[in-house]
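Shown next, in structure tokens, is the structure this report addresses.
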Amino acid sequence: MKKLSLYSLIFYSIIIAQSIKVEGVIVDIESQTPLYGVNIVSGDSGTTSDKLGQFQLFADIGDEIFFSIIGYEEIRTIIRPKMIISMRPIILKGDEVNVSANRAILGITPVSFSNLSDKEIDTRYSAEDVPMVLATEPGVWAYSESGNGTGYSYVSIRGFDQSRIAVLIDGVPLNDNESHQVYWVDHGDILSDAKNVQIQRGIGNSLYGSSAFGGSINLNTQISSENREIEIEMGSGEWNTRKYRARYRSGNDFGDNLSISFRTSQIKSDGYRDFHNSKQNGMFFGLEHRGTKFINQFRALIGYENTQLAWDGIYLDDINDRKKRRFGKKAYTDDFLQKIFSINTFGKLRENLFLRNVSYFVSGKGYYETEKSNQDFYSYNLDLNNQYTDAQEQSMLTDLLRRKWIVNNYFGIVPTLTWNNDQLRADLGTEIRFYSGDHFGEATNFTNPSLSSLNENGWYRYYQYLGQKNSVTSFAHLVWNPKDQPFTIMLDLQSQKHRWNLDQEKIGHAFGHNLNADWNFFNPRMGIVWEVGDSMNVFINWGKAQKEPADNQIIKADDVWSNPIMASAEVITDLEWGMDFILGNGHLRFNGYNIQYLNEQLKNIDVDQEGEYEYYSADSTNHFGFEWEGAFTLNSVWSFSLNGAQIMNYFSNGNSLPNIPQTLFNLFINYRPLESGLFFLHWRRVGHMYIDKENIEAGMIDPYSILNIGAKYQYKNIDITLKLNNALDKLYSTYGYSYEWNGYQAYYWPGATRNAFVSFSYLF
């Protein structure tokens, strides 16, 4: 009996010894951000992950452990003492009606892309414009005219400027219908509403329209929240940079099916450079209703900006002079108000059939003004009584204050039907868009005595024209994953029809042009993703895209004596390939591309027009390179990510295209020693670039490296964030231009020196 008891004790001890403490962290496989509220079960033990994605429980070695949360694939694996779990979002599920064909999905969509989660945005964003945050991703580069990221900022992907990048906020296109440009300054603090941002490189999805040449940026804003949020934030930094924000999210204040979000904010800064002060006021309102079959969302985004810009650069010799590099002479003031209203609908019509629709209305009004000296009568149609010859008018001069106005509106509707089963998904839809833009120039404060009557009458209108553009886009997006096969095939077809009209009034010397143009395009794209085991997939895709010229590539209609020069449509053919590796504690991605570009329109700065550009055709250009990125979570304390790009864009003669860095590199390190504290580091390397098409060495911008560090700390309901930008105080330039005037002249836009920004937020 004693022997039996002894054996029982030994056996019991062995069983007890196999029960161990299991610790780990759970992250999203794509963004590597922690997942909160994951259900974890092993045998009779269970728990959930905390806000940092951390968990712990006691379980037996050798047993299975289960991880599950809505929206992610369930994971089953064997117990280990230390575990790092990467969960993959659920895709192609019928009930996920808000999954749109315009967003790439790992392992399904054969394109190169990157995602920024709300947590990543919260860490990297303080008060700068959107491009400066996006520049942390592979192949993305940005610069600002102010030097410190406030006011006018610009972004490029693989060297394609933002007029060739499709930008959408909740499915609403932000690219200007005439210039194709994106004016980020109109909506300061929009990133504070962001739920996520996806950047696609290469030809964009068929839904994105003609601007999706070099890539696309898709920003989604958040309305609903688990709990009520009332938050006030204040921030301060160098050069009188200030930020104020108040936000309310209702949680369950109005029941389980209704959510409201409201945000108002202001960002002000003097800018790093002289005469680059800016003021940005923004407001966001969102209303979401979740019915039994449909989800309806209404959003209103209103932004106002007043920005002063010194369009000219500084001499090369002044880059290393801490005082002179900040120099700028007063050029012009930009003032603009834009309102965006949209309704997003997601619904299930019947089994396997879903409807998505975006309806939007965008309205804008504003001007930029500048003081001009020694302006001739001819250019401003100032011969009111038609009493002078052209030669006389060109010799008669006056100082004046000039404004160039635009009042524009556009609205559209984008209905999409989605059908899917276990093997096939089909998205069929269209976008119908109508645009109207009223342009006019006004002048006042004339110093020539003969124009005194014009001063008495206020503003004198010297040009006016109306631009109109109607567009119809039809698209089909097909994704086929044969049952029990390791590959997925994508087919993307787009048909575009654009009708453009410009009606120029005949004022004085203006010719009174009436111009019309039609463009009809068919843009195909196809690709395949092949799964190689459980941890790797490879993809390849080919596509062709065409783009109509911008209005200022056809005629400079604000110039009273300009003649139209019809630019040809731009055409690209894009071949891409890549591979994704899914690792136990992170992921790796590699991709390459080869783009053939016909009729590429490039720009030269026009120093006589305050930073405006004249365009020229580069005929045939070649764009090729590769990108890579990786993200890893070592444990609950340490995580890091890194990415890089090699960009090789050439003219047919072998010269590099100007103002495109040839190498980019980013390194992020996050250190979280406490649940309430985080330290982060960002190191960025930007390679050299030429500023002219001749690649003159004297005008080359040298490579530079920037180190940004920061910390976040939470104490009860107070969040404190500190960022130190350019911690090593490097002197560098970000952009340049040149022209021939008494020899070769090169000018540069400097980046800000070391500067700090601290913000405090309180959650009621």
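The values are calculated or read from the model by the stated rules, or taken from the named source; none is laboratory data. Predicted model only: the values in this text are computed from it and were never measured. Cβ: placed from backbone, ideal geometry, glycine included. Neighbour counts: every protein chain shown.
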Of all residues in the stretch 718-747 being acidic (Asp, Glu) and either under 23 Å from residue 236 (Cα atoms) or outside the structural domain of residue 681 (by TED's automatic domain parsing) (or both), the one that is surrounded by the most Cβ atoms within 10 Å (Cβ to Cβ): 719
Flag for residue 203 being touching a Gly at 6+ places or on another chain (Cβ under 6 Å), aliphatic (A, V, I, L, M) and either outside any helix (DSSP H, G or I) or assigned by TED's automatic domain parsing to the domain that holds residue 578 (or both): yes
Residue identified as of a type in the set (Asp, Glu) and touching a residue at least 12 places away in the same chain (Cβ under 8 Å) among 317, 321, 334: 334
Selection count where residues are acidic (Asp, Glu), assigned to a loop (DSSP other than H, G, I, E, B) and touching an Asp or Glu at 6+ places or on another chain (Cβ under 9 Å), scope the stretch 559-602: 1
Check on residue 521, crowded, with 18+ Cβ neighbours inside 10 Å and assigned to a strand (DSSP E or B): yes
Residue in the stretch 686-701 that is within 30 Å of residue 33 (Cα to Cα), touching a Pro at 6+ places or on another chain (Cβ under 7 Å) and either at pLDDT below 95 or in the same structural domain as residue 618 (by TED's automatic domain parsing) (or both) present: yes
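Being in contact with a helix residue (DSSP H, G or I) (Cβ under 8 Å, 6 or more places away or on another chain), farther than 22 Å from residue 595 by Cα and buried (at least 23 other Cβ atoms within 10 Å of the Cβ) is the requirement here; does residue 130 meet it? Don't jump to the end; show me each part of the working.
On the way: in contact with a helix residue (DSSP H, G or I) (Cβ under 8 Å, 6 or more places away or on another chain): yes; farther than 22 Å from residue 595 by Cα: yes; buried (at least 23 other Cβ atoms within 10 Å of the Cβ): yes.
So residue 130 passes the test.
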Residue tally, condition of a type in the set (Gly, Ala, Ser) and on the phi > 0 side of the Ramachandran plot, over the stretch 457-489: 1
Filter pass, residue 593 being over 23 Å from the mean Cα position of the chain (by Cα) and more than 30 Å from residue 382 (Cα to Cα): no
Subset tally (residues that are touching a Phe, Trp or Tyr at 6+ places or on another chain (Cβ under 8 Å) and either on the phi > 0 side of the Ramachandran plot or part of a strand (DSSP E or B) (or both)) for the stretch 145-156: 5
Hits in the stretch 571-588 (condition: polar (S, T, N, Q) and without any contact (Cβ under 8 Å) to a residue 40 or more places away in the chain): 573
Counted residues, the stretch 42-74 - those being surrounded by 17 or more Cβ atoms within 10 Å (Cβ to Cβ), among the aliphatic types (A, V, I, L, M) and without any contact (Cβ under 8 Å) to a residue 40 or more places away in the chain: 2
Count - residues of the stretch 361-391 that are touching a Gly at 6+ places or on another chain (Cβ under 6 Å) and either under 30 Å from residue 303 (Cβ atoms) or aliphatic (A, V, I, L, M) (or both): 0
Single unsatisfied condition, residue 254 versus (1) crowded, with 23+ Cβ neighbours inside 10 Å; (2) assigned to a loop (DSSP other than H, G, I, E, B); (3) not assigned by TED's automatic domain parsing to the domain that holds residue 156: (1)
Pairs where the first residue, in the stretch 589-600, is outside the structural domain of residue 571 (by TED's automatic domain parsing) and under 12 Å from residue 544 (Cβ atoms) and the second is part of a strand (DSSP E or B) and not polar (S, T, N, Q), C-beta under 7 Å, 6+ apart: none
Subset of the stretch 336-394 [touching a strand residue (DSSP E or B) at 6+ places or on another chain (Cβ under 6 Å) and among the small types (Gly, Ala, Ser)]: 342, 347, 359, 363, 364, 366, 373
Among (1) crowded, with 20+ Cβ neighbours inside 10 Å; (2) free of Cβ contacts under 8 Å to residues at least 60 places away in the same chain - the single one residue 158 does not satisfy: (2)
Per-region count, the stretch 523-539, residues more than 26 Å from the chain's Cα centre (by Cα) and not aliphatic (A, V, I, L, M): 6
Test result for residue 676, over 28 Å from residue 202 (Cβ atoms) and either buried (at least 18 other Cβ atoms within 10 Å of the Cβ) or touching a Lys or Arg at 6+ places or on another chain (Cβ under 6 Å) (or both): no
Long-range neighbours under 7 Å by Cβ, at least six apart or interchain, first residue under 12 Å from residue 519 (Cα atoms) within the stretch 541-570, second outside any strand (DSSP E or B) and of a type in the set (Phe, Trp, Tyr): 547/213
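Within the stretch 679-717, track down each residue that is hydroxyl-bearing (Ser, Thr, Tyr) and buried (at least 16 other Cβ atoms within 10 Å of the Cβ).
Hits for the stretch 679-717 are 690, 704.
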Conditions (1) closer than 20 Å to residue 365 by Cβ; (2) more than 29 Å from the chain's Cα centre (by Cα); number of the one not met by residue 255: (1)
The stretch 379-397 residues that are over 17 Å from residue 453 (Cβ atoms) and aromatic (Phe, Trp, Tyr), paired with ones that are modelled with pLDDT of 90 or more and exposed (fewer than 13 other Cβ atoms within 10 Å of the Cβ) (beta carbon under 7 Å, 6 or more apart): none
Residue that is farthest from the chain's Cα centre (by Cα) [pool: residues in the stretch 168-200 that are part of a strand (DSSP E or B) and under 19 Å from residue 546 (Cβ atoms)]: 173
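Determine which member of the set 142, 127 is at pLDDT 95 or above and under 27 Å from residue 367 (Cα atoms).
From the options 142, 127, the qualifying one is 142.
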Strands (runs of 3 or more DSSP E) wholly inside the stretch 294-403 that include at least 1 residues being touching a Pro at 6+ places or on another chain (Cβ under 9 Å) and closer than 30 Å to residue 505 by Cβ: 353-376
